[in-house]
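The values are calculated or read from the model by the stated rules, or taken from the named source; none is laboratory data. Just so it is clear, the structure is predicted and the values come from calculations on it, not from any experiment. Here the Cβ positions follow ideal geometry from the backbone for every residue, glycine too, while neighbour counts run over all protein chains shown.
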Amino acid sequence: MQKKFILLQGRGNLCVGIIALLLLVATSSFAQNAIKGKVSAKDGESLVGVNVAIKGTTRGTNTDADGNYKLDVPNGSTLVFSYIGYLTKEVAVGSQTTINVTLETNDKILSEVVVVGYGSQTKKEVTGAVQTISSKEIKDLPVSQIGQKLQGQVAGVQINQTTGRPGQGMNIRIRGQLSVSGGSDPLYVVDGFPITGNIGALNPDEIEDITILKDAASTALYGSRAANGVVLITTKRGKSGQTNVSFNVFTGTQVVPKKGRFAMMDAVEFAQFKKEHYEDSKLPVPVEFQNPSQYEGKNNDWYDALLRRAPVQSYNLTLTSNKDKVSTSLVAGVFNQEGVVLNTKYQRYSLRLNSEYKVSDKVTIGMNIAPQYVFDNTPRTDGDRGTGILFNAIHTWPIMPIYDEKGELPLFNRFPSSTGNIFAYPNWVRAAYELKNETKQTNLLSNAYISYSPIKGLTLKSSMNVEMLNQKFFFFNPSTATSAINTAVPVTAVSIRQSTDNLGWLNENLATYSKSFNDHNFELLAGYTNQSFRSESSRIQADTYSDDRLPTIQGAINIARGGTNSNVQEWRLTSLLSRLTYNYKGKYLFTASIRRDGSSRFGS
């Protein structure tokens, strides 16, 4: 027993020794070194707020007002010094206790030109909240909308798709919803021209870059219209000394995934449910529900019957050239998107030609022209009970057949008379095919300008921009179809035709003067703009057709006075604007902007 006790005691001493050794090693491995130092720019100026981090960890600190820092660092660590506008630098600590670092400017980033209101600046000179997205960052995204390409790309900008209809635009909100009752859409400016509509129909392949102006300092030159921010869009231009031809194609399909849909009863489950309902209510069970198994294999999913696998195709041809004082860019695009709901589609045909000619060292002239045609058809898929096909299809009994014995689409399906319900459900599949809700739109954006530099530093530019739109809307509800629930067909056939013509123009006259002496740099912008817009629309509604095959106004028996009207809207805007930018040594920046508007709408 004594020997056994001694043996155990020896093992105990050995364990204690091993534990002590491990603790010693652990203490040594977690030893901290107090590191201090100073971070400066190449010219010796202290840098404030430089991020000093231990590589591979989340631990770190920032430099103070004098560029100094202190940080406890484990042995063998590496410090990472990073600062906006400067190249990141890594330094191995080793046995050092003082580490002074000099950061070099990232000239590539700071010298990048950013489009701002009525001009451009290098990144290092921008004082407002401005963010630019180039075409290189979004060109590989296979989507049809500019808003879709911007989703997740810009901090502080919310971009949402409000409907699943093909070709529909996106809601863009810069720094949130800025109004409860008023509009929150930003101002869209394409090649310097504030457009009156949204940018949903613009071909993304035409875009060179997008700049978003977020704060008041950046948007001041656009006046009150820019209260919700500004989206500046610059279209493609010819690259210096290059001729490039590219053909971009993407194709695919869209489906509504099974996951996430409503869990609908099949025909057997529905009949069983109705049977139990009558039994629990102590009522006679209608013959249609007495034997639920009779519907085995006869399920009718009305919601699924309205959906399909929808193809999407996009084709874009781009030609850019810049030589012999002539710069040219041509972008031609075709986009076709079938909707996931039967008989819904969106088609877009676009062309954009940008051309610039350098007449001499002092004179440059240019022109842009962009015609576009859009076709859209969506037969009342939106809406709730009583108006929306999809909503009503979900509430249609699965025991109701979609097709009759001949494989044709019946006009309607009436509930069995024994259920006590006398109303009929229209055939939603037939309604999707026969209802028409078409929009045909032709747009034209054009621009011509001349730029003259009489002396060094002074540039005079005058431009004329024109926007034209012709939109024709046609709705036809034949007597054989309806999107309303509990409505028996035939119904009274109704048609609506609406035509809208818009014409807007903008004349801008700008003078820019820049001057540098010693370490002082000035730029003064002054401008006068005059904008006009006129919209004419007419609407006529007719009903009661003798033949649905002739859905013209002449074929209608009655013209609905309440749905027939015309409207004219017209306004003018005259503005004076100016901006002064100043920087000292490229480090101390100052910008002041002012704009004064005279509008025909202020008194309304």
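Restricting segment 485-511 to residues that are under 33 Å from the mean Cα position of the chain (by Cα) and in contact (Cβ under 8 Å) with a residue 60 or more places away in the chain leaves a set whose member that is farthest from Leu458 (Cα to Cα) is Ile496.
Yes/no matrix, rows are residues, columns are (1) in a loop (DSSP other than H, G, I, E, B); (2) closer than 23 Å to Tyr403 by Cα:
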position: Gly260; (1), (2): yes, no
position: Met264; (1), (2): yes, yes
position: Glu269; (1), (2): no, yes
position: His277; (1), (2): no, no
position: Lys282; (1), (2): yes, no
position: Val285; (1), (2): yes, no
position: Gly297; (1), (2): yes, yes
position: Tyr303; (1), (2): no, yes
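Of everything listed in (1) under 21 Å from His395 (Cα atoms); (2) over 28 Å from the mean Cα position of the chain (by Cα), the single unmet condition for Leu306 is (2). Of the set (1) free of Cβ contacts under 8 Å to residues at least 24 places away in the same chain; (2) closer than 23 Å to Tyr452 by Cβ, all apply to Leu525 but (1).
Remark: pairs (first residue in segment 143-160, part of a helix (DSSP H, G or I); second residue β-branched (Val, Ile, Thr) and at pLDDT below 80; Cβ separation under 7 Å; 6+ apart in sequence or on different chains) = Ile146/Ile199; Lys149/Ile138; Lys149/Val143.
Taking segment 389-414 as the range and being out of contact with any helix residue (DSSP H, G or I) (no Cβ under 9 Å at 6 or more places or on another chain) and at pLDDT below 80 as the test, the residues that pass are Asn413, Arg414. Asp547 meets all of the listed conditions (1) touching a Gly at 6+ places or on another chain (Cβ under 8 Å); (2) within 26 Å of Leu221 (Cα to Cα) but one, namely (2). When restricted to residues that are within 18 Å of Leu232 (Cα to Cα), of a type in the set (Gly, Ala, Ser) and surrounded by 13 or more Cβ atoms within 10 Å (Cβ to Cβ), segment 140-156 contains 2. Residue-level check: of (1) surrounded by 14 or more Cβ atoms within 10 Å (Cβ to Cβ); (2) without any contact (Cβ under 8 Å) to a residue 24 or more places away in the chain, Ser537 misses just (2). Considering only residues in segment 109-139 that are modelled with pLDDT of 75 or more and among the polar types (S, T, N, Q), the one that is farthest from Asp205 (Cα to Cα) turns out to be Gln131. The number of residues in segment 140-187 being of a type in the set (D, E, K, R) and modelled with pLDDT of 75 or more comes to 4. Screening Arg579, Arg601, Arg595, Arg572 for residues that are exposed (fewer than 15 other Cβ atoms within 10 Å of the Cβ), in contact (Cβ under 8 Å) with a residue 40 or more places away in the chain and either touching a Phe, Trp or Tyr at 6+ places or on another chain (Cβ under 7 Å) or under 26 Å from Ala227 (Cβ atoms) (or both) leaves exactly one candidate, Arg572. Against the list (1) within 15 Å of Ala34 (Cβ to Cβ); (2) modelled with pLDDT under 90; (3) among the aliphatic types (A, V, I, L, M), the condition Ile84 fails is (1).
Residues in segment 220-230 that are outside any helix (DSSP H, G or I) and not polar (S, T, N, Q): Ala227, Gly229, Val230.
Report yes if some residue within segment 47-65 is surrounded by fewer than 14 Cβ atoms within 10 Å (Cβ to Cβ) and over 39 Å from the mean Cα position of the chain (by Cα); otherwise report no. The answer is yes, given that some residue of segment 47-65 is surrounded by fewer than 14 Cβ atoms within 10 Å (Cβ to Cβ) and over 39 Å from the mean Cα position of the chain (by Cα). Identify, by number, the condition in (1) assigned to a strand (DSSP E or B); (2) of a type outside the set (Lys, Arg); (3) farther than 30 Å from Ser575 by Cα that Ile233 doesn't meet. Unmet for Ile233, out of (1) assigned to a strand (DSSP E or B); (2) of a type outside the set (Lys, Arg); (3) farther than 30 Å from Ser575 by Cα: (3). I'd like the residue in segment 201-218 that is modelled with pLDDT of 85 or more and assigned to a loop (DSSP other than H, G, I, E, B) and, out of all such residues, is farthest from Ile138 (Cα to Cα). Looking at the filtered set, the residue picked out is Leu202. Can we say Thr564 is part of a strand (DSSP E or B), among the β-branched types (Val, Ile, Thr) and closer than 30 Å to Glu45 by Cβ? Spelling it out, it is not the case that Thr564 is part of a strand (DSSP E or B), among the β-branched types (Val, Ile, Thr) and closer than 30 Å to Glu45 by Cβ.
Residues checked against (1) farther than 27 Å from His395 by Cα; (2) in contact (Cβ under 8 Å) with a residue 60 or more places away in the chain; (3) surrounded by fewer than 19 Cβ atoms within 10 Å (Cβ to Cβ):
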position: Ala332; (1), (2), (3): yes, no, yes
position: Phe335; (1), (2), (3): yes, yes, no
position: Val341; (1), (2), (3): no, yes, no
position: Arg348; (1), (2), (3): yes, yes, no
position: Thr381; (1), (2), (3): no, yes, no
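Can you confirm whether segment 306-327 contains a residue that is closer than 30 Å to Ser360 by Cβ, surrounded by 14 or more Cβ atoms within 10 Å (Cβ to Cβ) and touching an Asp or Glu at 6+ places or on another chain (Cβ under 7 Å)? The answer is yes; a qualifying residue exists.
The residues in segment 258-303 that are surrounded by 12 or more Cβ atoms within 10 Å (Cβ to Cβ) and aliphatic (A, V, I, L, M) can be counted, and the count is 6.
The combined condition, being surrounded by fewer than 20 Cβ atoms within 10 Å (Cβ to Cβ), of a type in the set (A, V, I, L, M, F, W, C), under 28 Å from the mean Cα position of the chain (by Cα) and outside the structural domain of Ala432 (by TED's automatic domain parsing), is not fulfilled by Leu353. Just one of (1) surrounded by 14 or more Cβ atoms within 10 Å (Cβ to Cβ); (2) in contact with a Ser or Thr (Cβ under 9 Å, 6 or more places away or on another chain); (3) assigned to a strand (DSSP E or B) fails for Pro551. It is (3). Among residues belonging to segment 579-604 that are hydroxyl-bearing (Ser, Thr, Tyr) and within 31 Å of the chain's Cα centre (by Cα), point out the one that is modelled with the lowest pLDDT. Ranking the candidates gives Thr591 first.
Looking only at residues of segment 362-379 that are assigned to a loop (DSSP other than H, G, I, E, B) and surrounded by 15 or more Cβ atoms within 10 Å (Cβ to Cβ), we find that the one that is modelled with the lowest pLDDT is Pro379. Taking strands (runs of 3 or more DSSP E) as the structural unit, those lying wholly within segment 41-83 and holding at least 1 residues that are free of Cβ contacts under 8 Å to residues at least 12 places away in the same chain correspond to 60-62.
Conditions (1) in contact (Cβ under 8 Å) with a residue 24 or more places away in the chain; (2) touching a Pro at 6+ places or on another chain (Cβ under 6 Å), marked per residue:
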| site | (1), (2) |
| --- | --- |
| Val256 | yes, no |
| Ala263 | no, no |
| Ala267 | yes, yes |
| Ala271 | yes, yes |
| Glu276 | no, no |
| Glu279 | no, no |
| Glu288 | yes, yes |
| Trp302 | yes, no |
| Tyr315 | yes, no |
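Between Ser293, Ser240, the distinction of being of a type in the set (Ser, Thr, Tyr) and in a helix (DSSP H, G or I) belongs to Ser293 only.
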